[in-house]
Amino acid sequence: DAAEDLRNRIFYHLTKMGPTFFKKNPVGEIMSVMVNDVQSFRNAIGQGVLVFVDGVVILSVILQLMIYLNPGWTWKTLILLPLVPFLIQKITKVIFKSYKDQQDKLAELSGTAQELVAGIRVIKSFAQEENRLSAYNQFSKKYELSCNQTARWDSLFMPIMEFGVTSGSVILLFVGTADVLSGVATIGTFIAFQRYIRKMVWPMTALGLGFSQYQKGMASFTRIKEVLLEQSDIPDNGTEVLEEFQSLEVKNLSFQYPDGNSQVLKNTNFKIQAGEHIGIVGPVGSGK
């Protein structure tokens with residue numbers, strides 16, 4: 001399964017990342033990428049591709065039958081269809097941007113929820129329930145607004161896709177009626193042609209669904225790729241294979257936090273033998 005493989009790759013990549021990465025990326029946001037964004041990408045390459053191919057196949061068959069019945073009616077009733085790709089190009093760009101913003105807001109909401117649950121004892125100890133609830137509601141409201149924005153743009157996709165087809169039924173009334181009355185075409189041909197036009201609504205809908213899910217999937221994949229392309233601040237470049245631990249010696253170890261003003265460890269030295277226990281004590285921020 002593609003989703004399983006992608007989640008495993010993300011998790012394996014996270015195990016190699018250093019403290020700096022997790023400091024700037026909340027756990028809730030990482031969980032949102034692993035769960036929501038991976039599922040969205042899975043829908044795009046799975047259901048989205050399947051629906052899109054289904055629409056293309058049905059559309060090609062129906063189009064050939066319409067040309068066989070009456071080539072003149074075909075190009076006249078579908079004359080507005082070439083406008084659809086240009087409209088789709090505009091709307092898909094907006095959907096991509098809007099959905100990525102929606103996923104970013106969901107990540108913020110997930111991160112806030114994770115921090116609140118993890119720190120619930122502290123929140124209750126200092127009676128900060130109302131303040132934290134107010135802050136959480138703000139993130140929830142932002143996510144709601146971004147979802148509504150995406151839904152508004154997404155709701156325009158189907159009407160645009162069906163516009164070039166459904167307008168063909170109206171055009172057929174004008175171009176086909178005269179041919180039927182003059183005897184150039186039979187009433188049976190007219191009815192069959194009109195039925196084929198109606199049957200084109202689903203293929204165009206399928207294309208719209210496929211394009212929409214593709215854009216959402218690509219927006220999610222952009223967020224996934226950002227995580228996978230992050231480089232660890234503590235790269236594992238060693239080539240030695242540790243078969244058995246005997247001792248660990250640290251010489252002249254110094255460390256300073258990325259946003260710190262001074263070193264919390266300076267020229268630290270110690271050695272630990274296998275089976276020994278060592279305790280490290282000190283105040284908060286001392287570098288334990």
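The values are calculated or read from the model by the stated rules, or taken from the named source; none is laboratory data. Keep in mind that this is a model prediction, so the values were computed, not measured. Positions of Cβ are generated from backbone atoms using ideal geometry, with glycine treated the same way; all protein chains shown enter the neighbour counts. These accessible areas exclude ligands, DNA and RNA; they are computed on the full protein's heavy atoms, side chains included. Shrake-Rupley method; radii C 1.70, N 1.55, O 1.52, S 1.80 Å.
Values computed for the structure shown
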| quantity | calculated |
| --- | --- |
| Residue 198 vs. criteria among the basic types (Lys, Arg), more than 30 Å from residue 32 (Cβ to Cβ) and assigned to a helix (DSSP H, G or I) | yes |
| Members of the range 270-288 that are more than 44 Å from the chain's Cα centre (by Cα) and open to solvent by 90 Å² or more (accessible area, probe 1.4 Å) | 271, 276, 277, 278, 281 |
| Unmet criterion (only one of (1) within 19 Å of residue 141 (Cα to Cα); (2) open to solvent by 20 Å² or more (accessible area, probe 1.4 Å)) for residue 111 | (2) |
| Residue in the range 144-168 that is modelled with the lowest pLDDT, counting only those that are of a type in the set (Gly, Ala, Ser) and surrounded by 16 or more Cβ atoms within 10 Å (Cβ to Cβ) | 164 |
| Selection within the range 198-252 - surrounded by 12 or more Cβ atoms within 10 Å (Cβ to Cβ), among the aliphatic types (A, V, I, L, M) and modelled with pLDDT under 85 | 200, 201, 204, 206, 207, 209 |
| Total residues in the range 150-171, condition touching a residue at least 24 places away in the same chain (Cβ under 8 Å) and over 18 Å from residue 83 (Cβ atoms) | 3 |
| Residue count for the range 215-263, restricted to those that are without any contact (Cβ under 8 Å) to a residue 40 or more places away in the chain and aliphatic (A, V, I, L, M) | 6 |
| Single residue of the range 5-54 satisfying the filter (out of contact with any helix residue (DSSP H, G or I) (no Cβ under 9 Å at 6 or more places or on another chain) and in a helix (DSSP H, G or I)) that is most open to solvent (accessible area, probe 1.4 Å) | 12 |
